[in-house]
Amino acid sequence: MCGIVGYIGNQQAAPILLDGLSKLEYRGYDSAGIAVYNGEEIITAKSKGRLKVLSELTHGGDAMPGTLGIGHTRWATHGEPSDVNAHPHMNKNESIVVVHNGIIENYLKLKKKLERKGYEFISETDTEVIAHLLDYYYKGNPLEAVTKIMHRMEGSYALGIIFKEHPDQLYAVRKDSPLIVGHTDGGNILASDVPAVLKYTRDVYFIENEEIVRMTDAKMEFFTVDEEPLEKESVRIEWDVNAAEKGGYDHFMLKEMYEQPKAIIDTFSPRLKNDGIEIEELNMSDEEIKAIRKLVIVACGSAYHTGVTSKYIFEGLARVSVEVDLASEFRYRDPIFEEGTLVVVISQSGETADTLAALRESQKRGARVLGIVNVVGSSIAREADNVMYTWAGPEIAVATTKAYSSQLIALYLLAMKFAHVRGKIDKKELMQMVSDLKKLPDQVELLLNNKNKIQKFANRYLAAKDVFFIGRGIDYAISLEGSLKLKEISYIHSEAYAAGELKHGTISLIEEGTLVAAVLTQEDLYKKMISNMVEVRTRGAFVLAVTNEGNAEVEKAADYTVYIPNTNKYFANTLAIIPLQLFSYYVSIGRGCDVDKPRNLAKSVTVE
Ligand code: M6R
């Protein structure tokens, strides 16, 4: 939530800040602002709305000359989206300016104290407290002032700070909100995330909790909160720069849907070796895998849905007991970790606050944590005991597609590996599954190429009020994701139901014409699902079925059927989700919604 950037060097700062913010807009987009030191004073420009408003206001940055600056794109937490609440925030005499990603939890207490000392506040934000607190502690030494405020603030923050009296320096600091810095040609840059700096550098430093960075145009120094100097190693980012651009597609979401075959291949290829599956990052011997008695899978949103899918696979295929929980719930219960429990946290961004908190809580209780993460070097990747990367590349659209698909692949690989090591499937069965796995990219492509048919169907439902997604077993997990995709980007109310649960209350919501999407990929459940489809259809529902090729029987109970190619029953999610992603996408654009940046949302949820 929120993205920050900062630049100091021999180039004009404002265009670099705006460019960096454009790559971070996925983190928040209700207002934006930049501050630049122009040689005499610090000038700010802020505006409610998308970054393009700020860009127009500053003539693409040309109206704000200067080679030192900071910028911010906001997802409002304290105070409505408005010009005054937009960052950067300054002290009264405009000599200190700050941008902030995170939440200062004790800001009210700090604000009251500062008000008693005569400080006046003009915004409703928690961030303004930081500017005044810096003012209070600043006695000529910026580093000292920064460390002092760190001792006073509770909560999470990544900050970019400029002191007018030190125009040759840019400060950055982090606690529980992501921050990276890197050298550019003739300067230094800071940002919340890698895409913002890729154009300028591929070697970045990941800033750890309570570390401070002091940058000049030529130098970068790192300090602890006790002002002790630190040595840090940079990490080379191998992402393709173009991966974070739209590349001719109308929207990032469409582009990322089309990147799914590649994301799938990139995720399974490095792990298919020597006639089997090798997951070196697991760092677990066969004996250790055999000793696992329970998996606890924790994640949020779509990542949670991949966890729900994998529960059926780990239990059915590998006979390992699985508990799946929402990270936001997990951290507030008192989980029981018996001997042999492995915790698996799943996250695209690797920065989701609740998932990170669940990881830390699990480690505190002595559990080993495996992270399935997409963003290299993110907090979860660094803190997990072992990391299995999903190689989906940068995902920009708020609605996840390719990261979701690659998470599924990582989980399939793990489940297959566990099943084989634990003697639940033999080599022949494993190799058959590997062969089915390798067919998935082409099968996904085939489904994507069917997009025109789905678009036509979607156009009939642009005015829908409610949509229901139903399924059993893995198909229920697919329904959860299909439903989330639709509501997230089209703002149509939708719900996912385990099909057998419908008649325990929800069926009363079915009216003449209500769209019910029924997912039937599990052959042993066809008959039960068909009964559920008939139940809703008799009550007026229009039934869309997503099922395997060859299941012609379904047409008796469906009004419209989308067939997916046949695959191993445990891999069905990868194929069945494609028409549902396309459906959501086309409903969203048909309704004129902002597909890539849906209202009220942000890509990376770094607050609780
Ligand atoms: O970065 P993460 O995978 O931890 O994010 C988890 C959820 O916030 C995310 O999957 C969210 O539900 C997506 N916007 C859904 O498309």
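The values are calculated or read from the model by the stated rules, or taken from the named source; none is laboratory data. From a predicted model like this one, the values you see are computed outputs, not experimental measurements. Heads up, the Cβs are rebuilt from the backbone with ideal geometry, glycines too, and the neighbour counts pull from every protein chain shown. Ligands, DNA and RNA are excluded from the accessible area calculation, which covers all protein heavy atoms including side chains. Shrake-Rupley method; radii C 1.70, N 1.55, O 1.52, S 1.80 Å.
In this structure the chain gives 38 Å² per residue of accessible area when probed at 1.4 Å with all protein chains present.
Taking amide H as placed 1.01 Å from N in the peptide plane, the amide H of L179 sits under 5 Å from that of I207, each at least 5 places away or on another chain.
For the chain, with all protein chains in place and a probe radius of 1.4 Å, 47% of the accessible heavy-atom surface sits on carbon or sulfur.
Other residues lying with their Cβ under 9 Å from the Cβ of C2 contribute a combined charge of +2, Lys and Arg counting +1, Asp and Glu -1.
Tell me, what is the FRET efficiency for R599 and N10 to the nearest 0.05, using R0 = 45 angstrom and their Cβ-Cβ distance as r? Write out the running numbers ahead of the final one.
Details: r = 40 Å, r/R0 = 0.88.
Calculated transfer efficiency: 0.70.
What separates the Cα centres of the range 22-54 and the range 449-505 is a distance of 37 Å.
What number comes out for the charge environment of A415, summing +1 per Lys or Arg and -1 per Asp or Glu over other residues with Cβ under 12 Å away?
Numbers: positive: K311, R319, K417, R422, K424; negative: E315.
Computed value for this residue: +4.
How large is the Kirkwood hydrodynamic radius of the range 404-561, counting all unique pairs of alpha carbons, in Å?
17.1
Electrostatic bookkeeping for G66 treats Lys and Arg as +1 and Asp and Glu as -1; over the other residues with beta carbon under 10 Å from its beta carbon, the sum is -2. Along its principal axes, the chain has C-alpha extents of 77, 56, 43 angstrom, given from the largest down. Based on C-alpha pairs under 8 angstrom that are at least 6 apart in sequence, the chain has a relative contact order of 12 percent. Extension gain, E94-E227: 0.36 nm per intervening residue step, less the Cα-Cα distance, totals 45.3 nm. Rounded to the nearest 20, the Cβ-based charge dipole of the chain about its Cα centre (Lys and Arg +1, Asp and Glu -1) stands at 1320 debye.
Bridging of K528 to lysines at a Cα separation below 20 Å is possible for K503, K556, K569, once same-chain residues fewer than 8 apart are set aside.
Quick one: helix 301-313 against the long Cα principal axis of the chain, what's the angle to the nearest 10°, folded into 0 to 90? For helix 301-313, the angle is close to 40 degrees. The length gained by stretching the chain between Y560 and E210 to full extension, at 0.36 nm per residue less their Cα-Cα distance, is 120.4 nm.
For the range 493-608, the dipole from Cβ point charges (+1 on Lys and Arg, -1 on Asp and Glu) about the Cα centre works out to 120 debye, to the nearest 20. Here's the picture: charge each Lys and Arg Cβ at +1 and each Asp and Glu Cβ at -1 in the chain, and of A32, T567, V344 the one pushed furthest to the positive end of that dipole is T567.
Express in nm, to one decimal, how much length is gained between R319 and R539 on full extension, taking 0.36 nm for each residue of separation and deducting their alpha carbon distance. Display every interim value, and only then the final one.
Values: separation 220, 0.36 × 220 = 79.20 nm, distance 3.93 nm.
Full extension from R319 to R539 adds 75.3 nm.
In terms of Cα atoms, the Rg and Dmax of the range 37-76 work out to 10.7, 31 Å. Once label points are set 7 Å from the Cα along Cα→Cβ at both K273 and K219, what is their separation, rounded to one decimal in nm? That separation, rounded to one decimal, is 4.3 nm.
Take the Cβ atoms of H504 and F121, set R0 to 51 Å, and the FRET efficiency comes out at 0.50. Computed from Cα atoms, the angle from the helix 13-24 axis to the main principal axis of the chain rounds to 20 degrees.
Using a 1.4 angstrom probe on the protein heavy atoms only, could you order W239, W391 from most to least accessible area?
Working: W239 35, W391 100 Å².
Of W239, W391, the descending order of accessible area is W391, W239.
Estimated purely from DSSP H runs of n ≥ 4, each contributing -39500 (n - 2.57), the mean residue ellipticity at 222 nm for the chain is -10500 deg cm²/dmol once divided by its residues.
Think of the chain as having a plus end and a minus end, set by charges on the Cβ of Lys, Arg, Asp and Glu; of G473, S55, A158, G473 sits farthest toward the positive end of this dipole. Model label sites at Y249 and K112, defined 7 Å from Cα along the beta-carbon direction, differ in position by 5.0 nm. 3J(HN,Hα) couplings calculated from phi for the range 158-165 with the Karplus curve 6.51 cos²θ - 1.76 cosθ + 1.60 (θ = phi - 60°) are, in sequence order, 10, 10, x, 9, 10, 10, 4, 6 Hz; Gly and Pro show x. Straight-line cross-link partners of K456 among the aspartates and glutamates, defined as a Cα under 15 Å from its Cα and at least 8 positions apart when in the same chain: D559.
Output the peptides 362-369, 599-606 sorted from most to least packed, where packing is the average of other Cβ atoms within 10 Å over each peptide's residues. Show your work: numbers first, answer last.
Numbers: 362-369: 16.1, 599-606: 20.1.
Order by mean packing, descending: 599-606, 362-369.
Between the C-alpha center of the range 295-369 and that of the range 384-419 there is a gap of 14 Å. Measuring between their Cα centroids, the range 150-184 and the range 67-106 lie 12 Å from each other.
For the range 1-52, the Cβ-based charge dipole about the Cα centre amounts to some 280 debye (Lys, Arg positive; Asp, Glu negative; other atoms uncharged).
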